[in-house]
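Presented below is the structure to which this report refers.
The values are calculated or read from the model by the stated rules, or taken from the named source; none is laboratory data. In this text the structure is predicted, and so the values were computed from the model without any measurement. For neighbour counting, all protein chains shown are included, and Cβ atoms are generated from backbone atoms with ideal geometry for every residue, glycine included. Heavy atoms of the whole protein, side chains included, go into the accessibility calculation; ligands, DNA and RNA do not. Shrake-Rupley method; radii C 1.70, N 1.55, O 1.52, S 1.80 Å.
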Amino acid sequence: MNEDRRRVLPSMDRLLDRPETSEWQKAWGREPVKTALRAALEDARQNLAEANITAPDAASLLLEARKHLQRLGRPSLRRVVNGTGVVLHTNLGRAPLASEARQALELVMGYSNLELDLDTGARGSRYDHCAALLCELTGADAALVVNNNAAAVALAVNELALDREVIVSRGELVEIGGSFRVPDVVARSGARLVEVGTTNRTRSEDYERALGPDTGFILKVHPSNYRIEGFASTVTIENLVALGRANGVPVVHDLGSGLLDPGLLPGFPEEPGVGASVAAGVDLATWSGDKLLGGPQAGVLLGGREMVARLRRNPLLRAFRVDKMTLAGLEATLTLYRDPDLAMTRVPALRMLRETRRNLRQRAKEALRHLDSGTATIEVGSMSSVVGGGAYPGHEIPSAGWIVRGPSPEAVEAACRASSPPLLGRIGDDAFLIDFRTLLPEEDADAARILGTALRGL
């Protein structure tokens, strides 16, 4: 009997002749459509074999096939709406790009002059594209861009200290994202790590005692993702540069977060600026492009012309090289910094970090008018944001957003996360929270639509 009922299912050819599937083939291609139809037919045959049910008609099979196609066509990497309150959220790609940077990406998606000198027609270098702008903004003599800051540090270690020693304070042996640690990066790059001082206190004489014929350079790492308080002290970058010069040893400063000028974020705790490190005379400064700079993921090295020229000749640079999309986004972001006032309003990460609680509260109230909350209770309330991305550890920023009560906060969180696009918030005080600091202004309406749909579904 089950076999007979399975025979009444329409054939693949009949389903492919339907007007709907003809349109699908234009959008998704013939083979993906056949795969989806085959899956729908197989599910139907399996169900008929296991239960005494009515065979589905063609319309029902097409509905299931369309769901399958939509799952197949949904990309793994997708846009999300960030209501978590973490500005530089590592899991969400850190800094959102400025509109100018997004437009720059579109312009180079086809062919570009990535490695062509348009003035001479000869072969050029991808490493020239952002170099002059970086030097202009930081005061450095030369600059080099690689694919991330860990690569920048690894390249410096491999070039300056291969089979030699790198001196670093024990209080600066940080662990970065993904459980990677500075000692591991140094060792894998071909150098031996020499730890000096203690976790909480390191003095100039600690470095001086460690200097020797095998010293490649002194490394100072800004511990941006944690703080040591109380009975603690470190050696300033100026003192390390003086020590290095007196002994003929280079000094490399890993700044991590890449804030060009602390004046861009008034009221925030002290954070070393890139320009200040260059002015102090470091031989190399390394930092990230996708943190406080607010650009794409990249690693930047600044230093003297000969030092950077050495790095450009290192064979490892090929493994760390940056692509055209990153260079385009980075250049557009850096261009905004020529006018600090423009950067503070146009670079999303800076704008988010500077926005007042009062303004966020007003945005949340305005967006709440467009939200059908069903049986849930939603109020606009105060909350705290954080910088994220390993910057300003422990520093909370007064913020505001939606506090959703009524349904289980775990259920609301899961429903919003399953939406298209996903809306991400956080759970606190037995409520689901949407922090407006990390919503782009144009996403306020999206957040209201997604949350309303999720609540009605619950």
Collect the residues in the stretch 83-101 that are in contact with a strand residue (DSSP E or B) (Cβ under 9 Å, 6 or more places away or on another chain), small (Gly, Ala, Ser) and within 10 Å of ALA349 (Cα to Cα), keeping them in residue-number order. ALA95
Exception for VAL145 within (1) free of Cβ contacts under 8 Å to residues at least 24 places away in the same chain; (2) under 30 Å from SER76 (Cα atoms) falls at (1)
So is ASP128 within 13 Å of LEU330 (Cα to Cα) and open to solvent by 60 Å² or more (accessible area, probe 1.4 Å) or not? yes
Only one of ALA279, ALA332, ALA328 is among the aliphatic types (A, V, I, L, M), closer than 27 Å to ILE397 by Cβ and in contact (Cβ under 8 Å) with a residue 12 or more places away in the chain, namely ALA332
Considering the stretch 173-182, residues that are assigned to a helix (DSSP H, G or I) and open to solvent by 40 Å² or more (accessible area, probe 1.4 Å), and then whichever is modelled with the highest pLDDT, we arrive at GLY177
Any hit, the stretch 16-35, residues being closer than 29 Å to SER419 by Cβ and of a type in the set (A, V, I, L, M): yes
Residue by residue through the stretch 155-172, note down the ones that are in a helix (DSSP H, G or I), in contact with a Lys or Arg (Cβ under 8 Å, 6 or more places away or on another chain) and at pLDDT below 95. GLY171, GLU172
For ALA36, state whether it is of a type in the set (Gly, Ala, Ser), in contact with a His (Cβ under 6 Å, 6 or more places away or on another chain) and at pLDDT 90 or above. yes
With respect to VAL81, determine if the residue is among the β-branched types (Val, Ile, Thr) and within 30 Å of ILE397 (Cα to Cα). yes
Residue satisfying all of: in the stretch 367-379; over 18 Å from LEU433 (Cβ atoms) and among the charged types (D, E, K, R); most open to solvent (accessible area, probe 1.4 Å) among these: ARG369
GLY294, sole failed condition from (1) modelled with pLDDT of 95 or more; (2) among the small types (Gly, Ala, Ser); (3) in a loop (DSSP other than H, G, I, E, B); (4) open to solvent by 20 Å² or more (accessible area, probe 1.4 Å): (4)
Based on this model, can you work out whether SER384 counts as part of a strand (DSSP E or B), touching a helix residue (DSSP H, G or I) at 6+ places or on another chain (Cβ under 6 Å) and closer than 24 Å to ASN91 by Cβ? no
Looking at the stretch 326-340, which of its residues are open to solvent by 70 Å² or more (accessible area, probe 1.4 Å) and either in contact with a His (Cβ under 7 Å, 6 or more places away or on another chain) or at pLDDT below 95 (or both)? GLU331
Leading residue by the ranking (farthest from ALA445 (Cα to Cα)) among those in the stretch 380-424 that are loosely packed, with under 15 Cβ neighbours inside 10 Å and of a type in the set (Ser, Thr, Tyr): SER408
Considering only residues of the stretch 426-445 that are in contact (Cβ under 8 Å) with a residue 60 or more places away in the chain and open to solvent by 40 Å² or more (accessible area, probe 1.4 Å), which is nearest to GLU410 (Cα to Cα)? ARG426
Among the residues of the stretch 303-325, is any open to solvent by 70 Å² or more (accessible area, probe 1.4 Å), of a type outside the set (D, E, K, R) and not in a helix (DSSP H, G or I)? yes
Residue match in the stretch 250-262 (condition: without any contact (Cβ under 8 Å) to a residue 24 or more places away in the chain, surrounded by fewer than 21 Cβ atoms within 10 Å (Cβ to Cβ) and farther than 22 Å from ARG181 by Cβ): yes
